[in-house]
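Following: one structure in structure tokens, then a few remarks.
The values are calculated or read from the model by the stated rules, or taken from the named source; none is laboratory data. Just so it is clear, the model here is predicted, and its values are computed rather than measured. For neighbour counting, all protein chains shown are included, and Cβ atoms are generated from backbone atoms with ideal geometry for every residue, glycine included.
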Amino acid sequence: MLLEIDHVSKCYGTKTVLDGVSMNLKKGEIHALLGKNGAGKTTLVKSISGVTTDYDGTIRFEGKSIDHLTVLERQKIGIYVVPQHASVIPEFTVAENIFIGDWPRKKNGFVDWNHIYIYAKEALDKYGVSFSPRQKVKDLSLVDQRKLNIVRALFSNAKLIILDEPTTALSAEERDGLFEFVIDLAKQGTSFIFISHYIEEVLRLSDRYTVLRDGKSYTGFSRGEVDERQLSNLIVGEDVELCVRERSEVLARAPIALQCSRIKARGLTDVSFHLAKGEILGLIGFPGSGAREICRALAGLNPIESGEIRLHGKKLRNPRRPDEALAQKIVYVSYDRHAEGIVPDLPIRENISLPILKSKLASLFGFVNERKEIEIAQQYFSTLNIKAHSIYEEVGNLSGGNQQKVVISKALSTQPDVLIIDEPTVGIDVKSREEILSLINELTDTGLSVLYLTNDYNELLRVADRLLFFANGTIAREEINTGLTPEEVIQMRDSAEEEVAS
């Protein structure tokens, strides 16, 4: 055993966050740590890494107690945390990031740059990473930035690396590349604690699983002993009903809601498709294929150069800004809720009302109709089952799942005809995910039409009626979702990409 956690408890005031948590980790093992937001995962990671030391119980590393050690002392013996958002300095080179805080120096006291670049190149080669040590980190992809964080830890002789939501905002291909990298390192003896809300990737990558629920640990599950539903139920503590949409025959005869013809924009060469009223249309493609680009073009984020958009038969003005798209009943939920979704310092109430201040809440003299604002916010607060004290709580204080519910409430408050959702369940727990999917499914019964982009094909195939495959800025293939599997979708996507390339 490399790490042994023995009946660790931690309280904040009267609130018990960890209640006798126990788990262990073997050398070269990938061990998943799962749980809803607020289950205690963050506090446990802080206790392992030394950020928190005033806990009860014992943590042993390589057979010795580390309860008295600081963060730096635990790093020296080999415990490192790689956070969700890559902790790098973008303007520094790869080599500078690897050596940061531990600059090798010449006898005269100046930094030995030759030494830095030689040893950085050796480290990158050793761990099978292809980017240059002289490359600026800001020019690396997200997945390469996360690999750099791991290499930096390994360069400092890490034996245990805690990966906190490492696949957030990565494409399916980038995620696969990161997984291969982690698996190779585990074979060489590095141990990983892998934190993720995506049960499918947890089952695929991890050797064993520990679940935290209400501060208590449920551990000892090995690969193959539990399936997705059993793990979901264990996380939530009750039977989680996975949302599976039934494709209606009526939908095939439904009127067309959105019609796009010969759309050309940044990353789009010639895109034509239709979206039926009440339909959920899944978009699939590699990064840069056009799948995300059409979402952002329709939302007014990427200017449309040419082409025609019709909604319920009426020709629309091609949106140049998001407010123009909103005015024409098209709303977009971004994949990055922190940068493009929430205002963390504002309360739930004001976040939900932001896109409708002018259209629905402004009085004759320009003042906000507070009574109506509260009424609308309270409606979505209840409908989406947002877990907070009230609509007056700041969004920055909420869990990831509840922040995403606020983002979707904000979009729905505009009462759109077309909802474009881009990775709506990234970084949220399984119960929140199923609540959001169920709500979207129910809203299509009222006539809402949905464009749905996600790299989680298991999730997509449970709700999509039809699939569009993008490649090289255009639509390469269309399929009706008649019980397709993720493996079939991947094969179709790869085939479409090859056909367009040839």
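Kindly check whether there is at least one residue in the range 191-202 that is among the β-branched types (Val, Ile, Thr), at pLDDT below 85 and under 22 Å from the mean Cα position of the chain (by Cα). The answer is no, given that none of the residues of the range 191-202 is among the β-branched types (Val, Ile, Thr), at pLDDT below 85 and under 22 Å from the mean Cα position of the chain (by Cα).
Conditions tested, residue by residue: (1) outside the structural domain of Ala476 (by TED's automatic domain parsing); (2) under 25 Å from the mean Cα position of the chain (by Cα); (3) modelled with pLDDT under 90.
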{"residue": "Ala252", "(1), (2), (3)": "no, no, yes"}
{"residue": "Ser261", "(1), (2), (3)": "no, no, no"}
{"residue": "Ala265", "(1), (2), (3)": "no, no, no"}
{"residue": "Gly282", "(1), (2), (3)": "no, yes, no"}
{"residue": "Gly285", "(1), (2), (3)": "no, yes, no"}
{"residue": "Ala291", "(1), (2), (3)": "no, yes, no"}
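Within the range 186-200, residues that are among the basic types (Lys, Arg) sit with their Cβ atoms under 8 Å from residues that are part of a loop (DSSP other than H, G, I, E, B) and surrounded by fewer than 24 Cβ atoms within 10 Å (Cβ to Cβ), at 6+ positions apart or across chains, in these pairs: Lys187/Gly28.
Does Phe221 count as surrounded by fewer than 19 Cβ atoms within 10 Å (Cβ to Cβ), closer than 21 Å to Lys26 by Cα, hydrophobic (A, V, I, L, M, F, W, C) and out of contact with any His (no Cβ under 9 Å at 6 or more places or on another chain)? Answer is yes for this residue. Restricting the range 48-72 to residues that are of a type in the set (Gly, Ala, Ser) and outside any loop (DSSP other than H, G, I, E, B), the residue that is surrounded by the fewest Cβ atoms within 10 Å (Cβ to Cβ) is Ser65. Going by what's in this entry, would Gly300 be described as assigned to a loop (DSSP other than H, G, I, E, B) and within 18 Å of Gly473 (Cα to Cα)? Considered against the rule, which asks whether it is assigned to a loop (DSSP other than H, G, I, E, B) and within 18 Å of Gly473 (Cα to Cα), Gly300 comes out as yes.
Evaluated against (1) farther than 30 Å from Val143 by Cα; (2) modelled with pLDDT of 90 or more; (3) touching a Ser or Thr at 6+ places or on another chain (Cβ under 9 Å), Val240 falls short on exactly one condition, (2). Consider the range 448-465 and keep the residues that are in contact with a helix residue (DSSP H, G or I) (Cβ under 9 Å, 6 or more places away or on another chain) and in a strand (DSSP E or B). The one that is farthest from Ser502 (Cα to Cα) is Val450. Among the residues of the range 2-22, none qualifies, meaning not one is within 19 Å of the chain's Cα centre (by Cα), buried (at least 21 other Cβ atoms within 10 Å of the Cβ) and in a strand (DSSP E or B).
Only a single item in (1) surrounded by fewer than 19 Cβ atoms within 10 Å (Cβ to Cβ); (2) without any contact (Cβ under 8 Å) to a residue 40 or more places away in the chain is not met by Arg134, and it is number (2).
Checking the stated criteria, Thr414 turns out to be in contact with a Pro (Cβ under 7 Å, 6 or more places away or on another chain), among the polar types (S, T, N, Q) and at pLDDT 90 or above.
Here is a yes/no grid of residues against (1) acidic (Asp, Glu); (2) farther than 30 Å from Val143 by Cβ; (3) more than 24 Å from the chain's Cα centre (by Cα):
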{"position": "Gly288", "(1), (2), (3)": "no, no, no"}
{"position": "Arg296", "(1), (2), (3)": "no, no, no"}
{"position": "Glu308", "(1), (2), (3)": "yes, yes, yes"}
{"position": "Ala327", "(1), (2), (3)": "no, yes, yes"}
{"position": "Gly341", "(1), (2), (3)": "no, no, no"}
{"position": "Ser363", "(1), (2), (3)": "no, yes, yes"}
{"position": "Glu370", "(1), (2), (3)": "yes, yes, yes"}
{"position": "Glu375", "(1), (2), (3)": "yes, yes, yes"}
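Taking residues in the range 98-110 that are at pLDDT below 85, and partners anywhere that are assigned to a helix (DSSP H, G or I), the pairs with Cβ atoms closer than 6 Å and at least 6 places apart or on different chains are Pro104/His115. Which one is farthest from the chain's Cα centre (by Cα), of the residues in the range 440-473 that are surrounded by fewer than 19 Cβ atoms within 10 Å (Cβ to Cβ) and under 11 Å from Arg245 (Cα atoms)? Ranking the qualifying residues of the range 440-473, first place goes to Glu442.
Taking the criterion of being more than 19 Å from Leu275 (Cα to Cα) and buried (at least 22 other Cβ atoms within 10 Å of the Cβ), the only residue of the range 412-422 that qualifies is Ser413.
Candidates are the residues of the range 149-179 that are modelled with pLDDT of 90 or more and either among the acidic types (Asp, Glu) or under 17 Å from Ile98 (Cα atoms) (or both); the one that is surrounded by the fewest Cβ atoms within 10 Å (Cβ to Cβ) is Lys159. Checking Arg292, Arg320 one by one, the residue that is crowded, with 17+ Cβ neighbours inside 10 Å, outside any strand (DSSP E or B), among the basic types (Lys, Arg) and in contact (Cβ under 8 Å) with a residue 12 or more places away in the chain is Arg292 and no other.
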